[in-house]
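*Asks:* Below is the structure I would like to discuss, written out as structure tokens.
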Amino acid sequence: MSSDAAAEQAARPRRGLMLVLSSPSGAGKTTLTRLFTRDDPEVELSVSWTTRPPRAGEIDGADYTFVSPEAFAAHRGHGGFLEWAIVHDHFYGSPKAEVLSALESGRDVLFDIDWQGAQQLTNSAQADVVKVFVLPPSMAVLQARLQSRALDDPLIIKRRLSNAYAEISRWDGYDYVLVNDDLEACYQRLRSIVASERMRRQRQPWLPNFVAGLLSERD
């Protein structure tokens, strides 16, 4: 960011947004999440807590915060999550304090969560939430992607495919829907959505005083 752009941003701060990306397993939301957080310094990932064991290569505190079911239940009992859900027999939750601090500071927080979590966020903070659902180009492609990852055994892949139909049926509860038939094109469409949403009047707290100043200049 140039010094002039940084000065303008400081003078005209905006409120951050909660960007929700949802999709069935294998449709591409995790890859899109990594691209966005790599390329855009104004976006940070909400690192979910989960009770599932880490997969090969996953880092505790970066990919997820891996906790016991008892620790998860205790944090939930104290109201520590913005949303939580059970996915494939494991608990997932988004920690509240870090997200709210980021929004107040004008940073965007990206959520890689399912439709249950998206609905909970909408219920608690609708004005801050932008929801995007990512679809595969076909179910055959989705199955091929799951199999090519070689992360799960065949029974788990079969269950993920079965769950995908239920997840896709929730598509109309989202603000935007993208078909991930070409990763780069899908990514650029996602960036366009975020750029537009950042400019919403409700996310520009400096505007009322600015407009009042313009109107006061009337002769």
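The values are calculated or read from the model by the stated rules, or taken from the named source; none is laboratory data. From a predicted model like this one, the values you see are computed outputs, not experimental measurements. Cβ: placed from backbone, ideal geometry, glycine included. Neighbour counts: every protein chain shown.
*Asks:* Whether any residue in the range 190-201 is among the charged types (D, E, K, R), closer than 30 Å to Ser22 by Cα and free of Cβ contacts under 8 Å to residues at least 12 places away in the same chain is what I want to check.
*Replies:* Checked against the condition, which is being among the charged types (D, E, K, R), closer than 30 Å to Ser22 by Cα and free of Cβ contacts under 8 Å to residues at least 12 places away in the same chain, the range 190-201 yields at least one hit.
*Asks:* Among the residues that make up the range 39-57, is at least one of them small (Gly, Ala, Ser), at negative phi and part of a helix (DSSP H, G or I)?
*Replies:* The answer is no, given that none of the residues of the range 39-57 is small (Gly, Ala, Ser), at negative phi and part of a helix (DSSP H, G or I).
*Asks:* Quick one: is Glu184 modelled with pLDDT of 95 or more, among the acidic types (Asp, Glu) and within 17 Å of Gly26 (Cα to Cα)?
*Replies:* In short, yes.
*Asks:* Restricting attention to the range 126-145, report how many residues are over 23 Å from Ser192 (Cβ atoms), surrounded by fewer than 21 Cβ atoms within 10 Å (Cβ to Cβ) and hydrophobic (A, V, I, L, M, F, W, C).
*Replies:* 4
*Asks:* Mind telling me which of the residues Leu155, Leu183 ends up being touching a residue at least 12 places away in the same chain (Cβ under 8 Å), surrounded by fewer than 14 Cβ atoms within 10 Å (Cβ to Cβ), among the aliphatic types (A, V, I, L, M) and on the phi < 0 side of the Ramachandran plot?
*Replies:* Matching residue, one of Leu155, Leu183: Leu183.
*Asks:* Also, I was wondering about something else. Which condition number in (1) buried (at least 21 other Cβ atoms within 10 Å of the Cβ); (2) in contact with a helix residue (DSSP H, G or I) (Cβ under 8 Å, 6 or more places away or on another chain) is the one that Glu44 fails?
*Replies:* That leaves (1) as the condition not met.
*Asks:* Shifting gears a bit: Considering the range 79-131 alone, what residues qualify as being assigned to a strand (DSSP E or B), within 14 Å of Leu17 (Cβ to Cβ) and touching an Asp or Glu at 6+ places or on another chain (Cβ under 9 Å)?
*Replies:* Passing the criteria: Asp108, Val109, Leu110, Phe111, Val129, Val130, Lys131.
*Asks:* A further question on this structure: Quick one: Leu178 ticks every box in (1) in a strand (DSSP E or B); (2) aliphatic (A, V, I, L, M); (3) in contact with a Pro (Cβ under 6 Å, 6 or more places away or on another chain) bar one, so which box is it?
*Replies:* Against the list (1) in a strand (DSSP E or B); (2) aliphatic (A, V, I, L, M); (3) in contact with a Pro (Cβ under 6 Å, 6 or more places away or on another chain), Leu178 comes up short only on (3).
*Asks:* Mind counting the residues in the range 139-175 that are within 18 Å of Thr31 (Cα to Cα) and not in a helix (DSSP H, G or I)?
*Replies:* Residues flagged as within 18 Å of Thr31 (Cα to Cα) and not in a helix (DSSP H, G or I) within the range 139-175 amount to 3.
*Asks:* Does Leu32 satisfy the condition of being farther than 30 Å from Trp206 by Cβ and among the aliphatic types (A, V, I, L, M)?
*Replies:* Yes; evaluated as a whole, the condition is true for this residue.
*Asks:* Right, Thr65: of a type outside the set (Gly, Ala, Ser) and within 14 Å of the chain's Cα centre (by Cα) or not?
*Replies:* no
*Asks:* Separate question: Somewhere in the range 207-218, is a residue surrounded by 12 or more Cβ atoms within 10 Å (Cβ to Cβ) and of a type in the set (D, E, K, R)?
*Replies:* no
*Asks:* Could you please find all residues in the range 150-183 being of a type in the set (Val, Ile, Thr) and more than 15 Å from Asp114 (Cα to Cα)?
*Replies:* Once the filter is applied, which keeps residues that are of a type in the set (Val, Ile, Thr) and more than 15 Å from Asp114 (Cα to Cα), the range 150-183 yields Ile156, Ile157, Val179.
*Asks:* Condition check: crowded, with 16+ Cβ neighbours inside 10 Å, polar (S, T, N, Q), touching a strand residue (DSSP E or B) at 6+ places or on another chain (Cβ under 9 Å) and in contact (Cβ under 8 Å) with a residue 12 or more places away in the chain. Does Thr33 satisfy that?
*Replies:* For Thr33, the condition - crowded, with 16+ Cβ neighbours inside 10 Å, polar (S, T, N, Q), touching a strand residue (DSSP E or B) at 6+ places or on another chain (Cβ under 9 Å) and in contact (Cβ under 8 Å) with a residue 12 or more places away in the chain - is met.
*Asks:* Okay, moving on. Taking the condition under 25 Å from Thr37 (Cα atoms) and either modelled with pLDDT under 95 or of a type outside the set (A, V, I, L, M) (or both), does Pro208 pass?
*Replies:* no
*Asks:* Further, regarding this structure: Of all the residues that make up the range 188-219, how many are closer than 20 Å to Arg107 by Cβ and of a type outside the set (Lys, Arg)?
*Replies:* Matching residues across the range 188-219 total 13.
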